[in-house]
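Engineer: Below: one structure in structure tokens.
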2 protein chains.
Amino acid sequence: MQITHRQQQVIDACAKLLMTQGVQGLTTKNLAREIGFSESALYRHFASKESIIAFLLEFLFQDIQSRLTPIAMNSKSPSDQVKAIFESQFLFFEKHPFYLVAILSEGLFDASNEIKLAMMKIVNFKMQLLNQLIVKGIENRIFRADIPAEYLVHSLMGNFRLLCLKWKMQDFKFSLTHKGKEMMYYQIKILEK
Amino acid sequence: MQITHRQQQVIDACAKLLMTQGVQGLTTKNLAREIGFSESALYRHFASKESIIAFLLEFLFQDIQSRLTPIAMNSKSPSDQVKAIFESQFLFFEKHPFYLVAILSEGLFDASNEIKLAMMKIVNFKMQLLNQLIVKGIENRIFRADIPAEYLVHSLMGNFRLLCLKWKMQDFKFSLTHKGKEMMYYQIKILEK
DNA sequence: TTTTTGCAAGTAAATATTCACTCACGTGCA
DNA sequence: TGCACGTGAGTGAATATTTACTTGCAAAAA
């Protein structure tokens with residue numbers, strides 16, 4: 001995904017604003033000031049605020065895709081693959097927590113279909129990836145077969161999401177990778193029979 | 001919790017607006033129009049919009065508390081108690097989905113401490129309630145002991161929350177109680193050893 | 001009984017502020 | 001010349017909240 005210098009600056013500005021003021025602070029005025037720009041200059045690079053957020057999510061999607069796809073294709077055990085996927089996610093969000101601020105603010109998406117779709121794209125990709133690993137794990141008799149793959153995936157995603165939410169609500173105080181690793185240890189225990 | 005006629009009207013108006021327009025539609029103007037009086041009249045009954053939302057959440061808390069406490073205190077098995085708690089929650093939210101719209105739009109309210117605290121009050125109450133049941137279940141050797149109660153609670157809450165989120169994102173199309181019951185069947189399977 | 005006073009609950013209108021976005025107009029560079 | 005990039009000034013539409021004033025009722029005072 002090619003990206004101009006200005007677009008990178010916009011992403012950085014979003015990051016700073018989301019971390020310091022939350023979604024409420026993500027305004028065109030603040031963005032422009034953060035970049036060192038006029039508000040109107042923003043519109044030389046993006047059609048609308050909506051498209052800025054959509055761009056942000058698309059950028060996130062590309063990153064997730066390029067990180068997780070190789071993991072899902074390697075030849076390790078399903079347990080290790082699932083663990084690796086989440087560890088990669090925890091590591092990434094610990095480095096770029098502002099994405100979580102955006103993702104966890106559901107209210108942002110009611111207004112815009114473009115943003116809602118970008119969001120769904122990410123979620124669906126991750127769900128499909130996990131599902132395929134879980135199915136493989138069940139077939140290989142590594143994972144329990146008494147619970148449908150669909151529910152195991154739901155459980156993984158739900159736990160992941162809640163941990164991220166708690167992290168955000170506690171102002172990113174604890175180490176997400178550490179708590180995440182701990183959580184995954186027990187999650188794998190649940191998965192394996 | 002005593003509540004005036006007007007306060008009930010405000011809650012009803014919030015419900016209608018949250019369901020038809022989401023959090024974005026929850027404005028003083030819309031509220032006033034929905035109730036059938038002026039915007040300023042709103043301020044005869046509430047100090048601010050913030051306090052309206054806080055009131056809504058307090059009302060929700062009272063309901064949850066009075067529904068769930070008896071369940072946690074009866075003499076059934078921990079499995080049945082946990083199941084009953086979530087079934088009560090699913091039933092309630094299926095009846096009053098607008099609460100979910102507010103709760104799941106976390107990020108939009110993080111500017112207000114009053115609202116944040118009201119949310120935490122609800123979450124903490126439910127967590128503490130579940131934790132005590134899980135601990136009892138572990139002690140009675142009904143629930144697995146190889147995973148700390150804290151994580152089992154986290155798993156329950158995470159799955160619950162994600163199901164509600166999916167329900168909302170699909171415009172409340174499927175039956176929450178039905179999907180919820182199905183989910184709980186597998187959740188209990190995970191809990192029990 | 002009549003009159004006075006107080007108060008809860010309402011109103012229209014205005015308030016100050018913020019928001020995303022537009023437009024006419026540079027400026028420097030290929 | 002044309003184009004990419006930038007600006008200052010402005011726009012209408014929202015936003016939550018306040019203001020000064022009114023109304024109906026009920027209790028207290030005459």
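Coordinate-derived values only; no laboratory data. Bear in mind the structure is a predicted one, so any value in this text is a computation, not a measurement. Every residue, glycine as well, gets a Cβ built from its backbone with ideal geometry; the counts of neighbours run over all protein chains shown.
Engineer: How far is B:Arg141 from the same spot in each other copy, in nm, shortest first, if each label point sits 7 Å from Cα toward Cβ?
Structural biologist: From this label point to the equivalent ones elsewhere in the assembly: 2.9 nm.
Engineer: To continue, here is another question. Using alpha-carbon positions, what is the distance between the centroids of segment B:39-73 and segment A:176-193, in Å?
Structural biologist: Between the Cα centre of segment B:39-73 and that of segment A:176-193, the gap is 36 Å.
Engineer: Give the aspartates and glutamates whose C-alpha is closer than 13 Å to that of A:Lys136, dropping any in the same chain fewer than 8 places away, or say none.
Structural biologist: The reachable aspartates and glutamates, counting only those whose Cα sits under 13 Å from A:Lys136, are A:Asp80, A:Glu150, A:Glu192.
Engineer: On to the next question. On the principal axes of its Cα set, how long, how wide and how thick is segment B:1-68? Give whole Å, largest value first.
Structural biologist: Principal axes ranked by extent give 36, 25, 18 Å for the Cα atoms.
Engineer: Going Cα to Cα from B:Lys116, which aspartates and glutamates come in below 15 Å? Please leave out same-chain ones fewer than 8 positions away.
Structural biologist: In chain and number order, the partners are A:Asp171, B:Glu50, B:Glu58, B:Glu106.
Engineer: Identify, among B:Ala47, B:Leu133, B:Leu18, the residue whose Cα sits farthest towards the positive end of the charge dipole of segment B:2-138, taking +1 on the Cβ of Lys and Arg and -1 on the Cβ of Asp and Glu, with the dipole about the Cα centre.
Structural biologist: Highest projection toward the positive end goes to B:Leu133.
Engineer: Then there is this: Taking the Cα centre of segment B:1-144 as the origin, how large is its charge dipole in debye, to the nearest 20, when only Lys and Arg (+1) and Asp and Glu (-1) carry charge on their Cβ atoms?
Structural biologist: Details: 16 positive and 13 negative charges, 53 e Å.
Dipole of segment B:1-144, to the nearest 20 debye: 260 debye.
Engineer: Something else about it: Here are some pairs, A:Lys83/B:Lys126; A:Lys168/B:Lys173; B:Lys16/B:Lys166; B:Lys76/B:Lys126; A:Lys83/A:Lys121; B:Lys83/B:Lys179; which of them have Cα atoms lying more than 24 Å apart in this structure? Don't skip to the end; give the middle numbers.
Structural biologist: Working: A:Lys83/B:Lys126 29 Å; A:Lys168/B:Lys173 30 Å; B:Lys16/B:Lys166 20 Å; B:Lys76/B:Lys126 18 Å; A:Lys83/A:Lys121 22 Å; B:Lys83/B:Lys179 13 Å.
Checking Cα-Cα distances, A:Lys83/B:Lys126; A:Lys168/B:Lys173 exceed 24 Å.
Engineer: Provide an ascending nm list, one decimal, of label-point separations from A:Asn74 to the equivalent residue in each further copy; define each label point as 7 Å from Cα along Cα→Cβ.
Structural biologist: Relative to the other copies, A:Asn74 has label-point distances of 5.0 nm.
Engineer: Remind me, relative contact order of segment B:118-193 in percent, using alpha carbon pairs under 8 angstrom and six or more residues apart? Write down the numbers at each step before the final one.
Structural biologist: On the way: 31 pairs, mean separation 25.0, N = 76.
With pairs under 8 Å counted, the relative contact order is 33 percent.
Engineer: Defining a contact as two alpha carbons under 8 Å apart and six or more residues distant in sequence, what relative contact order in percent does chain B show? Mind dumping the intermediate values first?
Structural biologist: Values: 144 pairs, mean separation 44.2, N = 193.
Computed value for chain B: 23 percent relative contact order.
Engineer: Can you bin the protein assembly as shown into rounded, prolate or oblate? Criterion: square roots of the alpha carbon gyration tensor eigenvalues sorted a ≥ b ≥ c, rounded for a/c under 1.5, prolate for a/b above b/c, oblate for the rest. Present the calculation step by step, with values, prior to reporting the outcome.
Structural biologist: Working: a/c = 2.06, a/b = 1.08, b/c = 1.91.
Oblate is the answer for the protein assembly as shown, as a/c is 1.5 or above yet b/c matches or exceeds a/b.
Engineer: Can you give the Rg/Rh ratio of segment A:50-191, where Rg is from the C-alpha atoms and Rh is the Kirkwood radius? Walk me through the numbers on the way to the answer.
Structural biologist: Working: Rg = 15.3 Å, Rh = 15.8 Å.
Result for segment A:50-191 is an Rg/Rh of 0.97.
Engineer: Just checking the output field for A:161-167: average partner chain Cβ neighbours within 10 Å of each residue's Cβ?
Structural biologist: On the way: counts 5, 9, 2, 0, 6, 4, 0.
Per residue, the average neighbour count from other chains is 4.
Engineer: A further question follows. Using the 7 Å Cα-to-Cβ label point, sort the distances from B:Lys181 to its equivalents in the other copies shortest first and give them in nm to one decimal.
Structural biologist: 4.4
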